[in-house]
């Protein structure tokens with residue numbers, strides 16, 4: 001097999017507050033190989049987490065070489081999606097509240113240890129970009145993405161191009177204020193959307209309700225009475241079985257998200273809003289009241305023009321988008 005016949009791959013890495021996901025994709029995005037996930041272990045600090053990312057990528061490269069018969073030289077580079085804010089030009093994570101990072105040169109760490117061209121972009125930008133390139137937002141021209149996990153991130157695609165803003169801060173929808181005097185957020189502000197509707201906030205709100213009132217709920221039994229083990233997934237599972245407490249928490253979450261999405265509709269007038277992350281596991285219990293809240297709050301021409309959809313790349317949107325971002329930054333287009 002000649003070098004011209006061999007496929008080339010880009011490695012995508014999605015760094016989250018809970019997990020790191022990596023995989024290899026062909027340049028056109030048609031094949032994805034060896035996707036794997038490991039816990040982030042944020043307690044290891046920035047250098048320790050960077051080491052885990054490098055080890056993960058090396059494993060993906062080796063397995064892909066074994067599987068396809070290609071050489072290391074057939075890997076074009078590595079695209080990394082990381083929590084922001086970032087300085088993309090210098091490849092620095094300026095601050096990542098959920099990881100405890102400050103001014104960490106992540107791109108250069110990955111580049112130096114792997115000896116491969118590396119790009120850095122915001123993880124939520126990447127998730128939106130991934131859904132636009134290969135997922136639920138495919139074909140959209142003006143797309144708003146929300147990624148709901150440990151925190152809430154967002155991404156904007158305007159006129160078919162990823163929009164970063166004047167200083168790489170565009171799309172931080174999780175830190176828009178929905179309650180002037182509301183809950184404290186890890187970013188230091190009060191009343192952020194993230195403080196109400198992220199996975200960690202959903203779990204926190206469930207604990208608060210259950211501690212306040214021992215109502216008819218299956219949730220305590222699902223965690224053997226260990227409230228600290230309640231997760232957003234626990235709440236979604238309970239809601240699906242008709243649990244009244246869990247159902248109310250999911251409805252409230254939908255209202256918070258609906259208020260945030262309505263603001264975005266009135267500002268950007270997108271044709272697609274894609275909601276990605278674990279929250280999509282709630283299904284219609286979330287999306288039906290979310291769309292209803294958006295209808296109540298946003299201008300009707302904006303509501304009529306938009307599709308609000310769950311992401312179709314669960315667990316891999318950020319990784320896929322990191323590959324797309326590498327292509328845009330390093331190769332001049334997707």
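Coordinate-derived values only; no laboratory data. The model shown is predicted, which means the values in this text are computed figures rather than measured ones. Cβ sites come from the backbone with ideal geometry, for glycine too, and all protein chains shown count toward neighbours.
Here is how the numbers come out for the structure above:
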| read-out | value |
| --- | --- |
| Antiparallel bridge percentage (DSSP; both residues within segment 139-310; nearest 5) | 50 percent |
| Net lengthening on full extension, residue 299/residue 38 (0.36 nm per residue, minus Cα-Cα) | 89.7 nm |
| Choice from 217, 241, 200 showing the highest fluctuation, given a GNM over the chain with Cα pairs closer than 10 Å | 241 |
| Three-way shape call for segment 62-166 based on the alpha-carbon gyration tensor, with the a/c threshold at 1.5 | oblate |
| C-alpha center-to-center spacing [segment 122-198, segment 1-78] in angstrom | 25 Å |
| D (Stokes-Einstein, µm²/s), Kirkwood Cα radius, segment 284-333, 0.692 mPa s at 37 °C | 243 µm²/s |
| Separation of the residue 138 and residue 108 label points, Cα + 7 Å toward Cβ, nm | 3.9 nm |
| Residue 292 paired with residue 51, simple spin-label distance in nm, labels 7 Å along Cα-to-beta-carbon | 5.2 nm |
| Residue 67-residue 233 FRET efficiency (beta carbon distance; Förster radius 25 Å; 0.05 resolution) | 0.20 |
| The chain: relative contact order in percent, alpha carbon pairs under 8 Å with at least 6 residues between | 19 percent |
| Cα shape, segment 206-334, gyration tensor, a/c 1.5 rule | oblate |
| Per-residue [θ]222 nm for the chain (sum of -39500 (n - 2.57) over DSSP H runs n ≥ 4, rounded to 500) | -12500 deg cm²/dmol |
| Segment residue 30-residue 189, length gained on full extension (0.36 nm per residue, minus Cα span) | 53.1 nm |
| Computed E for residue 248/residue 271 - FRET, C-beta separation, R0 35 angstrom, nearest 0.05 | 0.60 |
| Antiparallel DSSP beta bridges within the chain, as percent of all bridges there, nearest 5 | 55 percent |
| Span from the segment 272-305 Cα centroid across to the segment 208-250 one, whole angstrom | 23 Å |
